[in-house]
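The values are calculated or read from the model by the stated rules, or taken from the named source; none is laboratory data. These figures come from a predicted structure and were not determined experimentally. Note that we place each Cβ from the backbone using ideal geometry, even for glycine, and neighbour counts take in every protein chain shown.
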Ligand code: ZN
Ligand code: ZN
């Protein structure tokens with residue numbers, strides 16, 4: 001039996017006027033999964049821990065986030081297509097604009113003009129450390145240091161505020177590796193500034209009335225480390241269908257193959273239909289397909305209740321085909337993002353799993369209904385085992 005796991009990012013919510021967005025939405029397909037299946041709620045990391053999307057996904061793939069997560073950088077880098085070694089130090093970056101030593105815009109006016117060409121100018125070699133720099137989506141980029149004696153324990157250069165200079169990075173522990181790495185980052189920031197400031201692209205940007213993209217602001221430093229490959233851990237291959245780099249990066253880190261879909265952009269207007277088609281096609285080659293949909297989280301951060309209801313209804317409409325397949329089908333979230341809070345919360349998320357299960361009495365997919373299901377309250381770290389057991393992929397423990 002094959003397994004499809006649908007994660008609607010941040011779909012879990014709280015009550016507004018007596019209902020959650022899931023409860024307010026008309027969503028016959030999601031409800032059908034609950035009706036046929038077994039239901040519960042899930043703490044993706046642990047009770048009371050507010051999950052990031054990256055740590056939550058590590059956990060629901062069965063990897064201890066406390067052990068493997070050092071920062072967001074490596075996952076962004078992998079998601080942007082950079083090859084990473086276990087000891088490389090990665091950062092996520094913004095192109096920003098600096099004038100007379102002060103940051104005037106942390107996102108270079110959110111204007112992508114020429115950023116790909118500028119990125120090509122920033123692959124330096126500093127004190128034996130190879131620097132890889134790559135533009136990712138919008139004004140964002142990734143920065144990777146490859147070399148020996150490096151540490152992720154250094155502070156960031158993004159001050160996360162305006163009218164401030166770029167911060168100097170400093171070591172966060174006493175090791176010579178941290179000292180060395182912060183020195184490399186400071187040198188990179190200065191050299192990048194000098195190269196960007198005098199680049200033709202930035203002259204063109206200024207001429208066109210745009211802000212220059214003349215400073216690189218780095219944060220989220222992290223080291224990938226050695227994660228056991230998904231295929232080795234579970235004994236079969238898995239694939240990921242996602243639009244956002246961070247989620248692609250976490251998936252790549254654990255060894256899932258990334259399947260690209262035209263128009264899958266991680267926003268509310270993403271090509272969900274195409275992603276569902278790709279998921280179905282992937283089942284010919286993979287025993288596990290993970291389908292990630294980001295729009296529910298994006299709209300929750302905006303605090304838009306109606307928009308979230310609409311997004312849920314749109315997803316519901318598109319996933320219908322999956323219900324016709326003879327598979328283990330799981331529907332859940334990586335965390336709650338209540339529209340009233342506009343941020344991730346530690347509220348457990350609903351989960352429904354249809355397939356060869358002992359069907360419970362739950363008939364609707366929602367935070368409060370699923371809580372009454374037979375799956376009870378589970379931890380995200382156990383999800384993969386539960387799903388793959390339902391798919392008859394697990395072996396007996398003991399005699
Ligand atoms: Zn998320
Ligand atoms: Zn979010």
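Quick look at the values:
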quantity: Residue count, the range 317-338 (criterion: more than 12 Å from ligand 2 (Cβ to nearest atom) and more than 16 Å from residue 280 (Cα to Cα)); calculated: 1
quantity: Residues being within 16 Å of ligand 1 (Cβ to nearest atom) and surrounded by 24 or more Cβ atoms within 10 Å (Cβ to Cβ) - total across the range 28-52; calculated: 4
quantity: Any hit, the range 256-266, residues being over 26 Å from residue 140 (Cα atoms) and part of a loop (DSSP other than H, G, I, E, B); calculated: no
quantity: Complete set of residues in the range 282-307 that are crowded, with 24+ Cβ neighbours inside 10 Å and over 23 Å from residue 4 (Cα atoms); calculated: 299, 300
quantity: Residues (under 17 Å from residue 132 (Cα atoms), touching a strand residue (DSSP E or B) at 6+ places or on another chain (Cβ under 6 Å) and not in a helix (DSSP H, G or I)) located in the range 177-221; calculated: 215, 216, 217, 218, 220, 221
quantity: Residue 243 touching a strand residue (DSSP E or B) at 6+ places or on another chain (Cβ under 6 Å) and outside any helix (DSSP H, G or I); calculated: no
quantity: Lone unmet requirement of (1) under 19 Å from residue 25 (Cβ atoms); (2) more than 16 Å from ligand 1 (Cβ to nearest atom); (3) surrounded by 22 or more Cβ atoms within 10 Å (Cβ to Cβ) for residue 353; calculated: (1)
quantity: Residue within the range 192-215 that is farther than 19 Å from residue 98 by Cα and surrounded by 20 or more Cβ atoms within 10 Å (Cβ to Cβ) present; calculated: no
quantity: Unique residue being within 14 Å of residue 5 (Cβ to Cβ), modelled with pLDDT of 95 or more and surrounded by 17 or more Cβ atoms within 10 Å (Cβ to Cβ) when the list is 380, 366, 373; calculated: 380
quantity: Checking residue 94 against (1) in a loop (DSSP other than H, G, I, E, B); (2) surrounded by fewer than 24 Cβ atoms within 10 Å (Cβ to Cβ), the condition it does not meet; calculated: (1)
quantity: Cβ pairs under 7 Å, 6+ apart, first in the range 38-57 and on the phi > 0 side of the Ramachandran plot, second within 16 Å of ligand 2 (Cβ to nearest atom) and not in a strand (DSSP E or B); calculated: 48/346
